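Participant: Structure below; questions to follow.
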Amino acid sequence: MTFTRSFRSLCIWPLILISTLVFGQEQQQANIHQIIQQHSEEIFDSLVEIRRDFHRYPEAAGEEVKTSAKIIEYLQNLGLEVHQNIGGNGVVGILKTNKKGKKIAWRADIDALKTDLPDVVSYESKNKGVRHICGHDIHASVALGIANVLSKIKEQLSGTIYFIFQPAEEIWQGAKAMIDDGLFEIIDPEEIYALHLSPMPEGIIATRAKNLFADYKVIQLKFDKKEDAAELSNYVKNLLENLQNVPNDSPFWDMQTLMDPELGLINPNTIFKDYVTLNSEVSIKENLIIKASLSASDPDKLDSVLKQLKSEISQSEFSEKLIEIQFTKEIALVLNDQKLAEDAIQQISEVYGKQSSINLHGIIPDGRSDDFAYFQQKIPGVYFLMGGSNYQKGIISMPHSPNFNVDENCIKTGVQYFSSLIAEKLK
């Protein structure tokens, strides 16, 4: 009996020790997220003021001099290592924990739009013809908030966090410019993340594996001679129109359907998948040139379009008049790493509840994408959509829209969710 009891005691004590260590680690992580939430609350008002300052003094792509200066000052006050004038007005802040670990990058775009659309807020733009109606002022403020929060808890973290403040996103030049200017000679992240404001309700973030946006390309068909131009153009337009598989009277074309619980992006049976759409125009110069913009939920679908059209035209009466078919404009597609995207949704849900993060089943049909795609071509990463609307208050955060407005509480949401995500990633 004595031997048996002693043996059992020897077996039980390691189990108790392991359980204590595991519980202690879980408790420490829980405390980290509590600290993140508390500090996000404490700095929220100051981040709102920063956002409103960005909003009052917006700078268009390539002109973000004062915006960059404000970001640099903020990061330096946090004690981060700062690099500036990368790819134009790009800024990088580096938060080192001085402990070995993962290297993670967070990117925020900082430029505004050239537009005369009026502001609908009291802190309207003071720079004529320039407005923050795409949410980049929110993006920059959230990134500064994440840097602030994580710098406060860096003793509880390991690894390195890079904060990339990118210029010229609206003209699709900033990401490439930063890369070409040696960005990845300064930093070497293993993963990269970013967000964009969306018309979803405040308090929600969403993403999905692979592409969030429809693939978008402009196709050009060039024919010889003007004779029979009307007949030829009608023939080709019919060919192109037959590529579209969405009826013109479908609720697909109503952007309010995007968040419909039955038809929208969050439903596995969403109508926003397996589609090809078309918007074409015809121009006749020395030769007959027909252009059409095509979007598809599956990038592979557009890859087969050229072969399909060539095959059909070659069997028609116009086969000898065809000079060439080519894609004249292609937009790099945001492609989320599947494992990182799935992990991110789960990790945010575990801290902030299942209602906080949504896995999208559909593809956003506007086809605009984001030049964050160029960073993803170098490093695996995830691009999130963050809600900024408050329907009860009449606030709809639809980027580039005339009545664009934001529930500024999304700044705090973004800081909390993504600070916690990065903390989890750095485990």
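Residues are listed down the side, and each one gets a yes or a no for (1) assigned to a helix (DSSP H, G or I); (2) more than 16 Å from I94 (Cβ to Cβ); (3) without any contact (Cβ under 8 Å) to a residue 12 or more places away in the chain:
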{"residue": "H139", "(1), (2), (3)": "yes, yes, no"}
{"residue": "G145", "(1), (2), (3)": "yes, yes, no"}
{"residue": "S151", "(1), (2), (3)": "yes, no, no"}
{"residue": "F163", "(1), (2), (3)": "no, no, no"}
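Participant: May I ask you to say which residue of V415, V406 is crowded, with 21+ Cβ neighbours inside 10 Å, in a loop (DSSP other than H, G, I, E, B) and modelled with pLDDT of 95 or more?
Facilitator: V406
Participant: Could you please find all residues in segment 285-329 being free of Cβ contacts under 8 Å to residues at least 40 places away in the same chain and within 13 Å of K217 (Cβ to Cβ)?
Facilitator: Passing the criteria: D300, D303, S304.
Participant: If you don't mind, there's one more thing I want to ask. Regarding segment 188-206, can at least one residue be identified that is over 20 Å from Q347 (Cα atoms), open to solvent by less than 10 Å² (accessible area, probe 1.4 Å) and out of contact with any Gly (no Cβ under 7 Å at 6 or more places or on another chain)?
Facilitator: Within segment 188-206, not a single residue is over 20 Å from Q347 (Cα atoms), open to solvent by less than 10 Å² (accessible area, probe 1.4 Å) and out of contact with any Gly (no Cβ under 7 Å at 6 or more places or on another chain).
Participant: Moving to a separate point now. Out of D224, D228, I need the residue that is surrounded by fewer than 15 Cβ atoms within 10 Å (Cβ to Cβ), more than 30 Å from K102 (Cα to Cα), among the acidic types (D, E) and more than 22 Å from the chain's Cα centre (by Cα). Which one?
Facilitator: On the way: D228 fails: surrounded by fewer than 15 Cβ atoms within 10 Å (Cβ to Cβ).
Criteria check complete, one pass: D224.
Participant: Here's something else I'd like to know. So T270 clears everything in (1) at pLDDT below 95; (2) in a loop (DSSP other than H, G, I, E, B) except one condition, right? Which one?
Facilitator: (1)
Participant: Got a number for residues in segment 135-156 being open to solvent by less than 10 Å² (accessible area, probe 1.4 Å) and of a type outside the set (V, I, T)?
Facilitator: 11
For (1) farther than 16 Å from N242 by Cβ; (2) of a type outside the set (K, R), each residue gets a yes or a no:
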| position | (1), (2) |
| --- | --- |
| K291 | yes, no |
| L294 | no, yes |
| E320 | yes, yes |
| I323 | yes, yes |
| D337 | yes, yes |
| A344 | yes, yes |
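Participant: Right, here's the next one. If you check D224, D254, D260, which single one turns out to be in contact with a helix residue (DSSP H, G or I) (Cβ under 8 Å, 6 or more places away or on another chain), charged (D, E, K, R) and farther than 21 Å from T328 by Cβ?
Facilitator: Only one candidate qualifies: D260.
Participant: Since Q346 meets every condition but one in (1) more than 27 Å from I379 (Cβ to Cβ); (2) open to solvent by 70 Å² or more (accessible area, probe 1.4 Å); (3) in a helix (DSSP H, G or I), which condition does it not meet?
Facilitator: (1)
Participant: Residue by residue through segment 380-403, note down the ones that are open to solvent by 10 Å² or more (accessible area, probe 1.4 Å) and in a loop (DSSP other than H, G, I, E, B). Before the answer, list the steps.
Facilitator: Let us first name the residues in segment 380-403 that are open to solvent by 10 Å² or more (accessible area, probe 1.4 Å), namely 380, 385, 390-396, 398-403.
Hits for segment 380-403 are P380, G394, I396, M398, P399, H400, S401, P402, N403.
Participant: Which residue pairs have Cβ atoms under 6 Å apart, sit 6 or more places apart or on different chains, and have a first residue in segment 40-55 that is in contact (Cβ under 8 Å) with a residue 24 or more places away in the chain and a second that is among the polar types (S, T, N, Q) and assigned to a helix (DSSP H, G or I)?
Facilitator: Final answer for the pair search is S40/Q416; I43/N148; L47/S141; I50/S141; R51/S141.
Participant: For E170, only one of the following conditions fails: (1) within 27 Å of N405 (Cα to Cα); (2) out of contact with any Lys or Arg (no Cβ under 6 Å at 6 or more places or on another chain); (3) part of a strand (DSSP E or B). What is its number?
Facilitator: (3)
Participant: When the residues of segment 310-323 are filtered to those that are in a helix (DSSP H, G or I) and open to solvent by 60 Å² or more (accessible area, probe 1.4 Å), which remaining residue is farthest from A209 (Cα to Cα)?
Facilitator: Per the criteria, the residue is E320.
Participant: Please go through segment 87-114 and pick out each residue that is closer than 14 Å to F163 by Cα, assigned to a strand (DSSP E or B), in contact with a helix residue (DSSP H, G or I) (Cβ under 9 Å, 6 or more places away or on another chain) and not small (G, A, S).
Facilitator: The answer is V91, V92, I94, L95, K96, I104, W106, R107, D109.
Participant: Taking segment 276-309 on its own, how many of its residues are basic (K, R) and surrounded by 15 or more Cβ atoms within 10 Å (Cβ to Cβ)? Show your work before the answer.
Facilitator: Residues of segment 276-309 that are basic (K, R), as a first pass: 285, 291, 301, 307.
Pick out the ones that are also surrounded by 15 or more Cβ atoms within 10 Å (Cβ to Cβ) and you get 291, 301.
Residues in segment 276-309 being basic (K, R) and surrounded by 15 or more Cβ atoms within 10 Å (Cβ to Cβ): 2 in total.
Participant: Scan segment 269-292 for residues that are touching a Gly at 6+ places or on another chain (Cβ under 9 Å) and more than 30 Å from F318 (Cα to Cα) and report the count.
Facilitator: So the answer is 4.
The values are calculated or read from the model by the stated rules, or taken from the named source; none is laboratory data. Everything numeric in this text was worked out from a predicted model, so none of it was measured. Neighbour counts are summed over all protein chains in view; Cβ atoms, including those assigned to glycine, are modelled from backbone coordinates with ideal geometry. Accessible surface areas use protein heavy atoms only, side chains included; no ligands, DNA or RNA. Shrake-Rupley method; radii C 1.70, N 1.55, O 1.52, S 1.80 Å.
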